[in-house]
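Input: a single structure, listed below in structure tokens.
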Amino acid sequence: MEKRMKAAIVLSILSPVFGELISGSSPPLEFFNPLNFVFLWGLYGGGVLLMHELWVRWGRGYMRLMLLGMAYGMIEEGLAIKSFFDPNWMDLGILGTYGRVAETNLVWAIWLSIFHAVYSITVPILLIGIIYPEFGEKRLLTDRALEKVLAVFLATCTFIFLLLNPYTPPPVQYLLTMFIIALFLKWSSEERVWQPSPRLPLQGNPFLWGAGFAFYLMFMFSILPKTGIPFPIPSILGILMTIVFYGSLDVLSRKGKLGLILGLMTFLLLIDIILELRGVVGTGAVGILVFLFLLTKYRKMPDTH
């Protein structure tokens, strides 16, 4: 198999691995069910390949990647799954009532858009640049292959929309979500994308910055909502830190990016261990194994990379 195609397949698998398996959303027994895996691969794999190709075609840059990642999160959770609007969606918890505005789970929508941008899109794309440095910033798909991936992705989203969740979303809010997605795609396609200031000194200790950012998001979207603090506060603070974080990524070397990914994984690893202790078999083992595999690769990587 051509190496470029191998890189594309690995990228398409990394996205559901981080977005579903290691995040605990789909435990191992559920994730590796052949039928379930096919749909996760069509959704996450198709989505990350599309966003990678757009990112490379439009000029790369990490603010561009943030916009594309958030657009993906809105397509998945807003348009396909409809969890942005369904107050009874199984994963909402307190966010089913906290920050629910105009029939929209607003805080949940912001949190999931950021989560998917980071873990479903950015982490897999950064890893591909580490595993296959010759293809990290190059297109992986021909135009014809890209059309096929788009068809699979749209078919998967349509299937999920029709069969996964019977909830009927409010039409105005649903159309507004489409408009925001289109706006994010337009901004990401522009020749120059705005860069924030100030910037974080990520090269100092990428692992600690990654872990700090991950737990900052957990605090904003999991802890603060339970205190009764007004919902705009964690929402705005979460968005602002995400913008500053992405605006600082370009200073990192390949090894620095891997250290950052290991730091970001600490949040998922904590979730995996908690789920394992609660009886969700295999989540802790999978999270630890992936973390140790990447840690081993990090330790073997020269500092100059």
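Computed values, structure above
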| item | result |
| --- | --- |
| Label of the coordinate-derived value, log10 I(q)/I(0) by the Debye sum over Cα atoms at q = 0.12, 0.16 Å⁻¹, listed as [x] -0.78, -1.55; [y] -1.02, -1.39; [z] -0.85, -1.42 | [x] |
| Rounded Å value of the spacing that divides the Cα centres of the range 124-152 and the range 8-69 | 11 Å |
| Loop trypsin sites (Lys or Arg not before Pro), the range 251-284 (other Cβ atoms within 10 Å of the site Cβ: 14 or fewer; DSSP) | 278 |
| Partners for residue 255 among lysines (Cα-Cα distance below 25 Å; same-chain residues under 8 apart left out) | 3, 6, 138, 297, 300 |
| Net charge dipole size for the chain [Lys, Arg +1 and Asp, Glu -1 on Cβ; Debye, nearest 20] | 760 debye |
| Leading residue at positive end of dipole, the chain (Cβ point charges), from 222, 96, 44 | 44 |
| Sorted by Cβ neighbour density within 10 Å, fewest at the top, the residues 30, 20, 190 | 190, 30, 20 |
| Farthest positive-ward along the range 3-300 dipole, Cα basis, beta-carbon charges - from 259, 146, 79 | 259 |
| Amide H contacts under 5 Å for residue 100, placed H, 5+ residues apart | 106 |
| Ascending count of other beta-carbon atoms within 10 Å, so fewest first, for 98, 216, 44 | 216, 98, 44 |
| Ranked packing of 144-150, 107-113, 202-208, most packed first, by mean Cβ within 10 Å | 107-113, 202-208, 144-150 |
| The range 147-294, dipole about Cα centre (Lys/Arg Cβ +1, Asp/Glu Cβ -1), debye to the nearest 20 | 180 debye |
| Size of electric dipole in the range 1-118: Cβ of Lys, Arg +1 and of Asp, Glu -1, about Cα centre, debye, nearest 20 | 540 debye |
| Qualifying lysines (Cα of each under 26 Å from Cα of residue 82; at least 8 residues distant if same chain) | 148, 186, 226 |
| Helical segments meeting 20 Å axial Cα length and Kyte-Doolittle 0.0 threshold in the chain (DSSP H) | 3-16, 143-159, 171-189, 232-246, 254-277, 283-300 |
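No value in this document is a laboratory result; all are computed from the given coordinates. The structure displayed is predicted, hence computed values, not measured ones. A quick note on method: Cβ atoms are made from the backbone with ideal geometry, for glycine too, and the neighbour counts reach across all protein chains shown.
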